[in-house]
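Written below as structure tokens is the structure these notes are about.
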Amino acid sequence: MDKTLNIHSSKKSNHWLPLSALFASFFVIGLTTITLLNGGMVNHMLFPIGTDIAMFQLIWQEQPLRALEFIVTKSLFVFIHQDPRSGLNLWTLQYDSITLAVYLFAALLGGRLIRRVRQTTPHNTGLLRGLLGVVLLVTTFTYMTAIEHCSGATWVGFVALYGLGFGDFEFYPYYQGALTLLSLGLLMWSFIKQAQANK
């Protein structure tokens with residue numbers, strides 16, 4: 001009986017290990033990349049959602065759906081590199097409810113891909129393609145500010161393009177939508193290829 005319980009608990013831990021590692025890696029890789037590209041370590045952190053709750057309560061009385069839309073797009077927490085002399089936020093990395101939900105979804109898909117490769121597939125059919133889809137999906141829902149390029153939280157893709165000198169690049173959401181479809185397509189293709197390889 002004890003052995004059976006131990007087997008079940010080890011299977012559960014093996015299932016959650018890639019998921020939690022992937023989820024945590026999204027934050028670590030994002031912070032590391034932005035730190036290397038923009039300079040300066042995280043030296044400040046904010047939880048701005050607390051200041052938005054009063055506004056949410058006011059809107060909720062009149063327009064509940066609008067209130068929900070308002071609150072899910074507000075940052076829950078923000079990593080900041082602040083200039084100690086001027087107090088200016090030189091760059092920020094911001095996470096709202098939608099971003100965290102997408103990170104969790106991407107971690108679930110990525111963890112499932114890794115688990116299937118480790119358990120049943122003799123080679124990495126579709127794994128690299130699938131992980132590329134995970135990276136694209138996570139990147140598409142990551143937002144930041146950089147004092148040289150933007151004043152409000154903006155998709156990292158736009159900030160990167162402005163950093164590369166594309167000053168006239170328009171901020172359209174279509175680019176994010178296209179990348180989201182591409183990333184989901186890559187993930188679906190990976191799962192299909194893995195299923196075919198396991199037959």
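The values are calculated or read from the model by the stated rules, or taken from the named source; none is laboratory data. The structure presented is a predicted model; accordingly, all values stated were derived computationally and were not measured. Cβ: placed from backbone, ideal geometry, glycine included. Neighbour counts: every protein chain shown. When the accessible area is computed, the model is the full protein with side chains, heavy atoms only, and any ligands, DNA or RNA have been set aside. Shrake-Rupley method; radii C 1.70, N 1.55, O 1.52, S 1.80 Å.
At a glance:
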read-out	value
Selected residue (criterion: farthest from the chain's Cα centre (by Cα)) from residues of the stretch 36-83 that are of a type outside the set (S, T, N, Q) and part of a loop (DSSP other than H, G, I, E, B)	D83
Candidate set from the stretch 1-51 (those that are modelled with pLDDT under 60 and of a type in the set (A, V, I, L, M)); member that is surrounded by the fewest Cβ atoms within 10 Å (Cβ to Cβ)	M1
Hits in the stretch 171-199 - residues which are assigned to a loop (DSSP other than H, G, I, E, B) and either open to solvent by less than 30 Å² (accessible area, probe 1.4 Å) or out of contact with any Phe, Trp or Tyr (no Cβ under 9 Å at 6 or more places or on another chain) (or both)	Y172, N198, K199
Any chance F171 is at pLDDT below 90 and farther than 12 Å from T140 by Cα	yes
Residues of the stretch 150-192 satisfying the condition of being over 24 Å from W91 (Cα atoms) and of a type in the set (S, T, Y)	Y174, T180, S183, S190
T154, sole failed condition from (1) modelled with pLDDT of 90 or more; (2) of a type in the set (V, I, T); (3) surrounded by fewer than 20 Cβ atoms within 10 Å (Cβ to Cβ)	(1)
Condition met for D83 (touching a strand residue (DSSP E or B) at 6+ places or on another chain (Cβ under 8 Å) and under 17 Å from F27 (Cβ atoms))	no
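Residue-wise test of (1) over 19 Å from V159 (Cα atoms); (2) among the aliphatic types (A, V, I, L, M).
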{"site": "G50", "(1), (2)": "yes, no"}
{"site": "A54", "(1), (2)": "yes, yes"}
{"site": "R66", "(1), (2)": "yes, no"}
{"site": "E69", "(1), (2)": "yes, no"}
{"site": "P84", "(1), (2)": "yes, no"}
{"site": "N89", "(1), (2)": "no, no"}
{"site": "L104", "(1), (2)": "yes, yes"}
